[in-house]
Amino acid sequence: MEVLRHEGPGRLGLVRLGEYSFRTPALAGIDFTLSPFNSFFHPKEPGDYDFNLAPAIPLGFYTPDEVIQKTIGRLWSINYEGFNAFYLPALRRTEYLPEFFKIIERYGFEAVYLGNSKILIREYRHFVRILREIRERFPNIMIIADLEPFFYPLAVYLGVDAFDTRSLKLYDFEGKTFTQYSPFIWKEGGNSLDSARETILLVRKALEEGKLRYLVENFFPTQYNAGILRIADLEHGDYLEKYTPIQKETVYFISDASIRRPEVKRWHSRVVERFVPPKNTGLLLLFPCSAKKPYSFSRSHTLYRKAVKEALGSGIAKVHELILTSPFGVVPREWEWLAKYDIVVTGHWSEEEIKPAAELLAKTLEKYPKDVPIIAHLDEAYVEIAKMAAEMTGREIIFTRVENGTTSKESLRSLTETLREFELEGTKEDRTYRYFEGIRKVFDFYFGIGAGEAVLPDKGQVKGSKMLRLFVDGQQTGTYKDGVISVTPFGMQRIYDATKSYWVKIDFDLRGDVFAVGVGEADERIRPDDIVGIVRDEKVVGVGKAVLSGEEMIRAKKGVAVKVRKRA
């Protein structure tokens, strides 16, 4: 199986079986007839199915140790020639998984059929853990499960590639047809297989458009769906995040589960790890977010900026701004183009929103020198967040007097009067430095601290008006426009030398795309769709877009790892 696109562990894939190929997620035909425990009919040759399931011994979820040990011994004696799918029993005793994995590895199976699927989904932690262990160890193996269509979006999001539909005939026998709200609301008559096909097409469409997580959060018909996703978010957030591309489109936060999305956790970690305040910061301002993005285009932030300019004049070049928001917590002004999200605004914040935002703000405030004054122009829950952060850090925060919202005449007047108590004077050098910093910090977001300085040092040049072209010593390092960047091989070499990040190492002449089989090493920080440098003998020989995560590139043996855009 080759991975074409990721959203979380969920993936669009291409499966080649001889001369036959198909796309995933899919409905798969499974031939069980060669497995003695499934049928008395036991032909000598595999049938014409997508997958021929190897003979196996059925084990229940609660099977005791001694039986599992005897079973594993028996499985090693089976002749697996002619079979391309392995039956993996879902067991409560997950310590035996490595033994089954050795068999899968030795015989090079194309697919794993996850046994006891309908029992396993009731065991939230086991379901997520088993999928994670299979997916991480075998990137090119298909995972097949037997589940109802209302589990398809969630199962695919967590790593399942295809679904066996034989058991769906039981619903036809009862005269039931699935709806999005099954098992509570059914249609009469119809065909369960048609429902399965419709749901698979919907899941595939969501994957193609980068909206699978959105679809998952709209399919919560049972407590099992909600419970499994919660466990995945809270206990396996790193698993979800490493396969999740950097967001390019607006993320819609529609439920309580939305604030636990991997994009949110990634944002929090990058604020902590990749944001450094501008060196010339003389005053820090805290503002609330706005419904319109980027914030600078909103009416409220236009009014804030006007008030700051009126109070400080040229000193505005020494002011730095942090925007407080849910669920991203803290957005440095330079990163506002990168915070693409939409959330229901009611004025009521839950504890799950307030506490993480306060903790992130506290960690961010600690990055500023202690003699830098902090002014907060906030209302509602934003005030509570700032006060919690002040208590955590021991930093004093001066709150403006806000009446009838932060944009009322009285509130803006208070902001102006508060700022006039501080004397700041900015120079031409301060303005140029801040202009450069606005670009640099976006590169830091993507590649780590030091990347911005590498592509645009103080001696660098910026040319253009809308699409900005960046130069060092007459050579172009990259481009920047509204938070969207590109990097040249020369620029990537400078980033690699400065940060040793986002690299894929090869030992051959680069002519086309880089396939997974040709990857020697890869930076584990790489996520699907990231810009990466292709490195040979410490020289960047090309720049491309990652298809797989860095860890996945090393383990995978099939498919494209990096789509090359530019060669040195």
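The values are calculated or read from the model by the stated rules, or taken from the named source; none is laboratory data. These numbers were taken from a predicted model, which means no experiment stands behind them. Positions of Cβ are backbone-derived with ideal geometry, glycine not excepted, and every protein chain shown enters the neighbour counts. The area values use the complete protein model at the heavy-atom level, side chains included, leaving out ligands, DNA and RNA. Shrake-Rupley method; radii C 1.70, N 1.55, O 1.52, S 1.80 Å.
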Got at least one residue in segment 400-412 being buried (at least 19 other Cβ atoms within 10 Å of the Cβ), in contact with a Pro (Cβ under 8 Å, 6 or more places away or on another chain) and not acidic (Asp, Glu)? yes
Are there any pairs, at least 6 apart or on different chains, whose C-beta atoms fall under 7 Å, with the first in segment 77-100 and more than 17 Å from LEU131 (Cβ to Cβ) and the second among the polar types (S, T, N, Q) and surrounded by fewer than 18 Cβ atoms within 10 Å (Cβ to Cβ), and if so, which? none
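Table: residues versus (1) modelled with pLDDT of 90 or more; (2) on the phi > 0 side of the Ramachandran plot.
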| residue | (1), (2) |
| --- | --- |
| TYR152 | yes, no |
| GLY159 | yes, yes |
| ASP164 | no, no |
| THR179 | no, no |
| SER182 | no, no |
| ALA196 | yes, no |
Quick check on VAL462: is it aliphatic (A, V, I, L, M), over 23 Å from the mean Cα position of the chain (by Cα), within 30 Å of ARG434 (Cβ to Cβ) and open to solvent by 10 Å² or more (accessible area, probe 1.4 Å)? yes
Sort out which residues of segment 364-381 are assigned to a helix (DSSP H, G or I) and closer than 15 Å to THR325 by Cα, and write them in order of number. THR364, ALA381
Scan of segment 287-320 for residues that are touching a Phe, Trp or Tyr at 6+ places or on another chain (Cβ under 8 Å), buried (at least 22 other Cβ atoms within 10 Å of the Cβ) and not in a helix (DSSP H, G or I), ordered by number: PHE287, PRO288, CYS289
Determine whether segment 493-504 contains at least one residue that is more than 29 Å from GLY559 (Cα to Cα), assigned to a loop (DSSP other than H, G, I, E, B), in contact with a helix residue (DSSP H, G or I) (Cβ under 8 Å, 6 or more places away or on another chain) and open to solvent by less than 20 Å² (accessible area, probe 1.4 Å). no
Quick check, is TYR181 open to solvent by 60 Å² or more (accessible area, probe 1.4 Å), over 23 Å from VAL547 (Cα atoms) and without any contact (Cβ under 8 Å) to a residue 60 or more places away in the chain? yes
Unmet requirement for HIS126, which otherwise passes all of (1) within 23 Å of PHE22 (Cα to Cα); (2) open to solvent by 20 Å² or more (accessible area, probe 1.4 Å); (3) touching a Leu at 6+ places or on another chain (Cβ under 7 Å); (4) part of a helix (DSSP H, G or I): (1)
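Within segment 149-194, take every residue that is among the small types (Gly, Ala, Ser) and more than 34 Å from the chain's Cα centre (by Cα) and give me the one that is nearest to ARG261 (Cα to Cα). Quick ask: steps written out before the conclusion?
Let us first name the residues in segment 149-194 that are among the small types (Gly, Ala, Ser), namely 155, 159, 162, 167, 175, 182, 189-190, 192.
So of that shortlist, the ones also more than 34 Å from the chain's Cα centre (by Cα) come out as 175, 189-190.
Numbers: GLY175: 38, GLY189: 37, GLY190: 36 Å.
In this case the residue turns out to be GLY190.
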Mind listing just one residue for me: the one in segment 247-276 that is in contact with a Phe, Trp or Tyr (Cβ under 7 Å, 6 or more places away or on another chain) and not hydrophobic (A, V, I, L, M, F, W, C) and, of those, farthest from THR499 (Cα to Cα)? TYR252
